[in-house]
Amino acid sequence: MGLACADTVWVALQGAQVLSWITAGEEQLFLSPLAAHDGHTPIRGGIPVCFPQFNQRGPLVKHGFARSMRWQADVGELQPLAGDGLRLVLRLADDHGTRAVWPHAFEAEVELELYPGRLSVTLAVRNTSHSALSFTTALHSYLRVPDVQQARLHGLEGLEYWDAVADTHPRQAGALGFGPEVDCVYPRPDQGMLLHRPGQGVLHIAQDPGFAQTVVWNPGPELCAGLADMQPDGWRRMLCVEAAAIDQPQVLAAGEVWRGGQYLSTP
Ligand code: TA6
């Protein structure tokens, strides 16, 4: 499904997953040429929605079931926005299959807003059960970089983080550079981040306070070689900068709503 103003977005109904965002004539997201497109296997690239579980932090399939399910989008709900923007909302609700693995009633919405030079992705989760539920979640955005070894991510300086590869808790000194595997969980930076990509200009990345963590992931050459849906050198062309709510599960009482957004823009 496509969404276009001056810029374009392509989104798969599977996972409500943005697969492409083109602005100023340039693709901003990474989508692996080997990604599955079979309607259920997780798609490697774009902006996967991890819900109701991040990674393997619980009993469900890795990163939860939402990225493997078909969401509903009513094209009649494509709304023009002031300032040459467009909005599209995709929805997912519990069904027999979800309740078999996660015994809760819920409604989830992914709202996409596309403006010239700017894409916002907002996830909202409503607890439609009669009892509390809890979840972890992330917008697992794969950003396109011409060469990750030349890229620098600014905005996380001085923050203490969890390095999941080394299992250490250092403090970030300077901008992040990339090469070997990186899998780190930072607190959300208040001022947002700037991704400098020689050959492709700068990308500004921000997230709502509801997403209290930022995950930075690149598999590096060795892990990438073991990923069947990545080309051996695919790690060079991507960097995941993820808006995440993972350190504390989000607890929703009956009827409550949680909401969080990630905002990508080219200054
Ligand atoms: O967000 C980082 C991470 O959780 C990594 O640990 C790595 O496993 C990555 O996500 C990709 O997971 P996937 O299931 O999509 O291969």
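Points to keep in mind about this one:
- Backbone N atoms of the range 163-180 closer than 20 Å to the 7 Å Cα→Cβ label point of GLU222 belong to residues 163-170, 177-180.
- Net charge dipole size for the range 144-267 [Lys, Arg +1 and Asp, Glu -1 on Cβ; Debye, nearest 20]: 460
- Using R0 = 41 Å, the C-beta based FRET efficiency linking VAL202 and HIS96 works out to 0.35.
- Between PRO103, PRO249, PRO48, the GNM of the chain built on Cα springs shorter than 10 angstrom shows PRO103 fluctuating the most.
- Separation of alpha-carbon centers, the range 197-255 and the range 78-115, rounded to whole Å: 20
- Spherically averaged projected area of the range 219-267 from its Cα convex hull (nm²): 6.3
- Average accessible area per residue (Å²) across the chain - probe 1.4 Å, nucleic acids and ligands excluded: 42
- Within the accessible area of the chain, the carbon and sulfur atoms contribute 52%, probe 1.4 Å, all protein chains present.
- Surrounding net charge for GLY158, when Lys and Arg each add one and Asp and Glu each subtract one, Cβ distance under 13 Å: -2
- The charge dipole of the range 211-267, taken about its Cα centre with unit charges on the Cβ of Lys, Arg, Asp and Glu (plus for the first two, minus for the last two), comes to roughly 160 debye.
- Rounded to the nearest 20, the size of the Cβ-charge dipole of the range 1-88 about its Cα centre is 520 debye, with Lys and Arg at +1 and Asp and Glu at -1.
- Dipole orientation for the range 116-267: of the candidates VAL202, GLN149, PRO187, VAL202 has the Cα lying most toward the positive pole (charges on Cβ; Lys, Arg +1; Asp, Glu -1).
- Local net charge near GLN14, Cβ-Cβ under 9 Å (Lys/Arg +1, Asp/Glu -1): +1
- Point-to-point label distance, ALA175-LYS62, nm (Cα→Cβ direction, 7 Å offset): 3.1
The values are calculated or read from the model by the stated rules, or taken from the named source; none is laboratory data. Owing to the predicted nature of the structure, the values given are computational and were not obtained by experimental measurement. Please note: Cβ atoms are built from the backbone with ideal geometry, for glycine as well, and neighbour counts cover all protein chains shown. Accessible surface is based on the protein model in full, side chains and every heavy atom, while ligands, DNA and RNA are left aside. Shrake-Rupley method; radii C 1.70, N 1.55, O 1.52, S 1.80 Å.
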